[in-house]
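Student: Here it is: the structure, laid out below.
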Amino acid sequence: MSTQDRIRETVTGNPIVLYMKGTPQFPQCGFSAKAVQILKACGASNLVTVDVLADPDIRQGIKEYANWPTIPQLYIGGEFVGGSDIMTEMYQSGELQQQIEALK
């Protein structure tokens, strides 16, 4: 299975996916830590995280998958949402909470 196929399978097979540096318990960058905090505040209980530091192919492949150069990357319902800045804006407007609540 190609890296792109693995990413597609993860993104489409789970309601909420966050590609991040590190884990929710031990994020390895401030942006990933902020993304996890936002998702927890939204009550995202069905969150799947992928540590891009554990797999160089995934780390590069996820940037190509969404044509988005930075990590973290959030996917909801199989669709790319954005990185931590976009997540912050969506959280502040209430839009992110609505998207996550709609999955429950």
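Student: Do we have residue 100 as buried (at least 18 other Cβ atoms within 10 Å of the Cβ) and aliphatic (A, V, I, L, M) here?
Tutor: yes
Student: Checking the conditions here, which among 43, 30, 22, 77 is touching a strand residue (DSSP E or B) at 6+ places or on another chain (Cβ under 7 Å) and among the small types (Gly, Ala, Ser)?
Tutor: Matching residue, one of 43, 30, 22, 77: 22.
Student: Sticking with this one: Could you check the range 33-104 for strands (runs of 3 or more DSSP E) lying wholly inside it with 1 or more residues that are among the hydroxyl-bearing types (Ser, Thr, Tyr) and under 19 Å from residue 22 (Cα atoms)?
Tutor: Passing ranges, in order: 47-51, 73-76.
Student: Do we find that residue 21 is within 13 Å of the chain's Cα centre (by Cα), closer than 18 Å to residue 89 by Cβ and of a type in the set (Lys, Arg) in this structure?
Tutor: Judged against the criteria, residue 21 is not a match.
Student: Can you say whether residue 46 is at pLDDT below 95 and under 20 Å from residue 96 (Cα atoms), as far as the supplied structure shows?
Tutor: Judged against the criteria, residue 46 is a match.
Student: Among the listed residues 49, 3, 12, identify the single one that is touching a Pro at 6+ places or on another chain (Cβ under 6 Å) and among the β-branched types (Val, Ile, Thr).
Tutor: When all the criteria are applied, what remains is 49.
Student: Out of the residues in the range 1-57 meeting the condition of being surrounded by 15 or more Cβ atoms within 10 Å (Cβ to Cβ) and among the small types (Gly, Ala, Ser), tell me which one is nearest to residue 71 (Cα to Cα).
Tutor: The selected residue is 32.
Student: Taking only pairs six or more apart or across chains, which ones have beta-carbon atoms under 9 Å, a first residue in the range 18-33 that is free of Cβ contacts under 8 Å to residues at least 24 places away in the same chain and under 17 Å from residue 75 (Cα atoms), and a second residue that is in a strand (DSSP E or B) and of a type in the set (A, V, I, L, M, F, W, C)?
Tutor: Cβ pairs passing all conditions: 33/20.
Student: Oh, and also: Of the residues in the range 15-36, how many are within 20 Å of residue 80 (Cβ to Cβ), out of contact with any Pro (no Cβ under 6 Å at 6 or more places or on another chain) and among the polar types (S, T, N, Q)?
Tutor: Total meeting the criteria: 0.
The values are calculated or read from the model by the stated rules, or taken from the named source; none is laboratory data. Being a predicted model, the structure only gives us computed values, none of them experimental. A quick note on method: Cβ atoms are made from the backbone with ideal geometry, for glycine too, and the neighbour counts reach across all protein chains shown.
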